[in-house]
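Novice: What follows is a structure written as structure tokens; I'll ask about it next.
The values are calculated or read from the model by the stated rules, or taken from the named source; none is laboratory data. Note that the coordinates shown come from a computational prediction; the quantities given were computed from them, not determined experimentally. Cβ placement follows ideal geometry from the backbone for every residue including glycine, while neighbour counts extend to all protein chains displayed.
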Amino acid sequence: MVRLFIDADSLPSRQSDIVLRRILNKEYEAWFVADRSVPSVLRAIEEDKKRRRAKFRDTLTREEARKIGSGIHMVVVESGSNSADDRIVEISSAPALAITHDIPLSERLIEKGLIVIDDRGNTLTKENIRARMSERENNARFREMGFFEDRSKRFDEKIIREFSAAFDKALNILEKNQ
């Protein structure tokens, strides 16, 4: 079974919609972790339950069918520095895919053997995570000194396509290794 761990605090809604559609179509197991409930995830959980239960409509009683849950999980943690990150690291294990924009969290998940992509379609690996961590630290220093203004590139259609392609590629790798 393909498993996903999503840093729901940092995933933009368009990327979240892509992820949820694929999860529902393939019935993957997924954990969305955030310091608040995400309405689109809660709706997807209900839809997933209905789809999974429908397969057994003719063979199970209503009470038995209600015991069939969703493969999608909304994990709400207390607000605080790194609480969602720590929970993702705690509950995840390889083989799995993680989606996060958080570079330190990415590094921790890569160390656990997970495939990690960010919200812009970049695949983070053992080979490139050190450079990303260094870049992050340097940018933080420049901001502290007032030399650098954080100007993130907008999420245009090209970035959405790149995210979708990276997501599909990672899922294909996981499916082949099942």
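Novice: Between Ser106, Ser164, Ser134, which is under 13 Å from the mean Cα position of the chain (by Cα), modelled with pLDDT under 95 and either assigned to a helix (DSSP H, G or I) or surrounded by 17 or more Cβ atoms within 10 Å (Cβ to Cβ) (or both)? I'd like the intermediate steps shown before the answer.
Specialist: Details: Ser164 fails: modelled with pLDDT under 95; Ser134 fails: under 13 Å from the mean Cα position of the chain (by Cα).
Criteria check complete, one pass: Ser106.
Novice: Return the total of residues in the range 20-66 being more than 26 Å from the chain's Cα centre (by Cα) and not aromatic (Phe, Trp, Tyr). Before the answer, list the steps.
Specialist: Of the range 20-66, the ones more than 26 Å from the chain's Cα centre (by Cα) are 54-66.
Cutting the leftovers down to not aromatic (Phe, Trp, Tyr) gives us 54-55, 57-66.
Selection size over the range 20-66: 12.
Novice: Next question, about the same structure. So Thr61 ticks every box in (1) among the β-branched types (Val, Ile, Thr); (2) closer than 20 Å to Asp168 by Cα; (3) loosely packed, with under 15 Cβ neighbours inside 10 Å but one. Which box is left unticked?
Specialist: Every condition holds for Thr61 apart from (2).
Novice: Out of Ala30, Ala94, report the one residue that is surrounded by fewer than 20 Cβ atoms within 10 Å (Cβ to Cβ) and within 25 Å of Leu174 (Cβ to Cβ). Spell out the reasoning first.
Specialist: Numbers: Ala30 fails: surrounded by fewer than 20 Cβ atoms within 10 Å (Cβ to Cβ).
Residue meeting the stated conditions: Ala94.
Novice: For the range 1-27, which residues satisfy the criterion of being loosely packed, with under 14 Cβ neighbours inside 10 Å and either touching a Cys at 6+ places or on another chain (Cβ under 8 Å) or more than 21 Å from Arg120 (Cα to Cα) (or both)?
Specialist: Met1, Asn25, Lys26 - these are the residues of the range 1-27 that are loosely packed, with under 14 Cβ neighbours inside 10 Å and either touching a Cys at 6+ places or on another chain (Cβ under 8 Å) or more than 21 Å from Arg120 (Cα to Cα) (or both).
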